[in-house]
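For reference, the structure is listed below as structure tokens.
The values are calculated or read from the model by the stated rules, or taken from the named source; none is laboratory data. Just so it is clear, the model here is predicted, and its values are computed rather than measured. When we count neighbours, we look across all protein chains shown, and the Cβ atoms used for this are built from the backbone with ideal geometry, even at glycine.
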Amino acid sequence: MEKKLFSPYKMKDLTLKNRIVMAPMCMYSCEKEDGIVTDFHMTHYVSRAVGQVGLIILEATAVTPQGRISHQDLGIWSEEHVSGLTKLTQQIKQNGAAAGIQLAHAGRKAALRDEIIAPSALAFDEKYKEPKAMTAEEIKETVEAFRLAADRAKRAGFDVIEIHAAHGYLINQFLSPLTNKRDDEYGGTAENRFRFLKEILEEVKTVWDGPLFVRVSACDYHEEGLTADDYVSIGASLKKLGVDLIDVSSGAVVPARIHAYPGYQVKFAEKIKHGAGVAIGAVGLITTGIQAEEILQNDRADLIFIARELLRDPYWPRTAAKELGTSIESPKQYERGWIF
Ligand SMILES: Cc1cc2nc3c(=O)[nH]c(=O)nc-3n(C[C@H](O)[C@H](O)[C@H](O)COP(=O)(O)O)c2cc1C
């Protein structure tokens, strides 16, 4: 029987050749601090396309310079970024993978020399700067920055856009009551805390009609924070807003100890998938083909996101296929590798 991990997956006009997604991973490699794609990014991402990953999602890519996690982050805040990103999507696609980009703003988790912003003036911990609470005008400008970034991503040839609403970065800071202490229409009730993300999605959709993902942190690991049950409601709202898939991660909103074990976030993925009736990507310590196949066959998620294992093994899809007793196509230049 065909393994589900190697079965195609269709979203809108895009068909992924398998269910394996390279999860976004910051490479902090823009040494010139200009956010422009470097030779390293080309080699890094294109290797995983050659390695037969179905969808490659680029690392958190900053929609404004102030929204970078570090000065070395990849950026999409200006027209100067489009040509490097275009070359990258072309190469990824020529090698048979689909190309995605994670649009991000770090908010209070930016480790930058200049001023940083957040919903409320609360530092993450003593190592981080205290952010400035955003004005209504700054909220508007940031929503607009996501729209402009989505338009650039479209022109650069991306197949998928993922909005980074996880890991305690700016959007997550609006969603969580632990980090959002505003008393205007962006704070207080769950509906108000969701407003910033809602406006971003509405604006992005004015320029983007392709597959749209949102990455969430489905648990704050804090007794006054958000839980997977809250994210079932958020998931239902995201579905209504036209989001095609929720990529379910967890934590990093406030400092907290997380007990991580193989597949430790899959329970959140499964809950949101069935509670909100939305397509889901599972991520977090998924490292073997058997684990991935179990998650898909038991209908706990629709796509499998792999991060660190793809750093260790750029050809992980082949490793997983061998483990599952099947084989996958190789790039045609490598077919001789199968002839003895
Ligand atoms: C080097 C590195 C960089 C990461 N950068 C990002 C990022 O840019 N955006 C994001 O949402 N998650 C990021 N993550 C988290 C991963 O996408 C993933 O959720 C996490 O590593 C758990 O999956 P894994 O066990 O397969 O590694 C990063 C992880 C690593 C190891």
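Just a few scattered comments:
- Meets criteria (under 19 Å from the mean Cα position of the chain (by Cα), aliphatic (A, V, I, L, M), closer than 25 Å to residue 18 by Cα and part of a loop (DSSP other than H, G, I, E, B)) for residue 216: no
- Pair list, Cβ under 7 Å, 6 or more apart: segment 285-297 residue in contact (Cβ under 8 Å) with a residue 24 or more places away in the chain, other residue among the basic types (Lys, Arg): 293/3; 293/4; 296/4; 296/19; 297/4
- Of all the residues in segment 328-340, those that are modelled with pLDDT under 90 and closer than 12 Å to residue 6 by Cα number 1.
- Evaluation of residue 97 against the conditions (1) modelled with pLDDT under 95; (2) under 19 Å from the mean Cα position of the chain (by Cα); (3) of a type outside the set (Val, Ile, Thr) shows that the sole unmet condition is (1).
- Residues satisfying the stated conditions in segment 248-273, i.e. hydrophobic (A, V, I, L, M, F, W, C) and away from the ligand (no atom under 15 Å from the Cβ): 254, 256, 272
- Of all residues in segment 98-123 being hydrophobic (A, V, I, L, M, F, W, C), touching a residue at least 60 places away in the same chain (Cβ under 8 Å) and farther than 15 Å from residue 171 by Cβ, the one that is nearest to the ligand (Cβ to nearest atom): 101
- When residues of segment 287-318 are limited to those that are in a helix (DSSP H, G or I) and more than 26 Å from residue 101 (Cβ to Cβ), the one farthest from the ligand (Cβ to nearest atom): 297
- Filter result for residue 62 (under 24 Å from residue 247 (Cβ atoms) and touching a helix residue (DSSP H, G or I) at 6+ places or on another chain (Cβ under 6 Å)): no
Condition check ((1) touching a residue at least 60 places away in the same chain (Cβ under 8 Å); (2) surrounded by 20 or more Cβ atoms within 10 Å (Cβ to Cβ); (3) in a strand (DSSP E or B); (4) not aliphatic (A, V, I, L, M)) across all residues:
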| position | (1), (2), (3), (4) |
| --- | --- |
| 42 | no, no, no, no |
| 45 | no, yes, no, yes |
| 48 | yes, yes, no, yes |
| 56 | no, yes, yes, no |
| 59 | no, yes, yes, yes |
| 71 | no, no, no, yes |
| 81 | yes, yes, no, yes |
| 85 | yes, yes, no, no |
| 89 | yes, yes, no, yes |
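- Filtered residues of segment 6-29 (kept if buried (at least 23 other Cβ atoms within 10 Å of the Cβ) and more than 20 Å from residue 327 (Cα to Cα)): 23, 24
- For residue 49, the criteria (1) within 15 Å of the ligand (Cβ to nearest atom); (2) at negative phi; (3) under 18 Å from the mean Cα position of the chain (by Cα) hold in every case but one, which is (1).
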